[in-house]
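Structure, as structure tokens:
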Amino acid sequence: MDNAVVTGFLAGLGGKVVERWLSLLTLPGCLFVGAAWVASALGQSRATDRKLLADTVAGWYEGAQEARPGTLAAVAAGLLLLAALAALTARMTGQVVMLLWFARRPGLLGRHMRAVEQRVSDYYQIDLEMLWPRLWLVLAPPARKELRTVITAVESATVVGAWGLCYLVLGSWWWPAAVIGAVVLAAGWVLARQHTVELAALVEGAVDVGLRPVARSLGITPPPAASPAEVGLRLAPVLHKRLADASPPSAPGPERWQAPSGPPVRRRGPAPDGP
């Protein structure tokens with residue numbers, strides 16, 4: 001193979017990797033690493049001392065002018081690795097934020113999805129958890145794309161909240177970071193709430209338009225005049241066929257339904273009595 005072609009391919013591949021790394025991990029991580037460096041330079045006692053910060057930056061710049069290129073490259077690579085590590089930590093913390101914000105307590109974000117599940121159960125007499133995988137299969141591609149977009153937005157909002165928590169922790173060494181963390185955490189909450197409300201509406205709409213197509217795809221053709229509850233009652237035995245051979249269950253209560261990223265099936269806990 002021509003060396004020029006190989007070189008061009010590797011250069012293009014490297015560019016894509018760097019671009020993805022920067023967009024997904026490094027930029028927020030670099031901001032956090034920079035804030036951590038400022039925290040280490042100023043501390044709590046001189047947290048707002050701009051002169052000290054300017055002198056520290058000037059000293060670092062003078063040292064960088066005298067350093068060898070290899071040393072600078074190693075320092076830059078180390079900073080990028082620290083930034084990537086911070087970003088990965090924030091993404092993992094985002095899962096914790098997801099659990100906290102969508103926990104089974106009134107007032108948290110999970111109540112929006114629980115309300116949808118309850119309305120579907122009351123109106124259609126059907127379990128949303130059992131219906132959702134089949135419903136996902138019959139949804140039109142534009143509908144799936146819209147749902148994926150909103151789900152990704154919810155997840156991104158929880159990552160924003162996770163960055164807020166990281167800055168709050170950094171506030172133990174530099175109090176302005178705690179202020180930044182509180183603002184970022186609040187912004188993540190607002191975004192998560194906004195997108196969760198949107199997701200709940202999309203999921204409920206998907207059930208409204210997709211219940212009869214799911215029934216037809218499973219060989220059930222309810223009469224045109226059948227009520228929504230009649231459609232759900234005709235469909236429910238098919239959805240629960242896996243429980244047919246088991247011993248009679250002890251009537252478990254409804255469980256929490258999780259926001260799908262595809263056609264997921266996740267178990268849930270009891271729904272609250274109140275809204």
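Some points to look at:
- Whole-angstrom gap from region 224-241 to region 79-140, using each part's C-alpha centre: 26 Å
- Length-normalised contact order for region 22-135 - Cα pairs under 8 Å, 6+ apart - percent: 28 percent
- Modelled spin labels at residue 57 and residue 92, positioned 7 Å past Cα toward Cβ, are 3.3 nm from each other.
- The residues packed around residue 40, meaning those with a beta-carbon under 14 Å from its beta-carbon, carry a net charge of 0 if Lys and Arg are +1 and Asp and Glu are -1.
- Residue ranges 155-167, 119-131, 51-63 sort as 155-167, 119-131, 51-63 when ordered by packing (mean number of other C-beta atoms within 10 Å per residue, highest first).
- Derived scalar couplings ³J(HN,Hα) [region 123-129; Karplus, 6.51 cos²θ - 1.76 cosθ + 1.60; whole Hz; x for Gly, Pro]: 7, 9, 6, 8, 8, 5, 4
- Here is the P(r) of region 123-185: all C-alpha pair distances, binned every 5 Å from 0, give 4, 16, 13, 12, 12, 9, 8, 9, 8, 6, 2 in whole percents.
- Dipole in debye (nearest 20) - region 39-190, about Cα centre, beta carbon charges: Lys, Arg +1; Asp, Glu -1: 300 debye
- Volume per residue of the C-alpha convex hull in region 93-159, rounded to whole Å³: 102 Å³
- Environment charge of residue 55, counting only residues whose C-beta is closer than 13 Å and scoring Lys/Arg +1, Asp/Glu -1: +1
Coordinate-derived values only; no laboratory data. Note that the coordinates shown come from a computational prediction; the quantities given were computed from them, not determined experimentally. Virtual Cβ from ideal backbone geometry, glycine too; neighbours counted across all protein chains shown.
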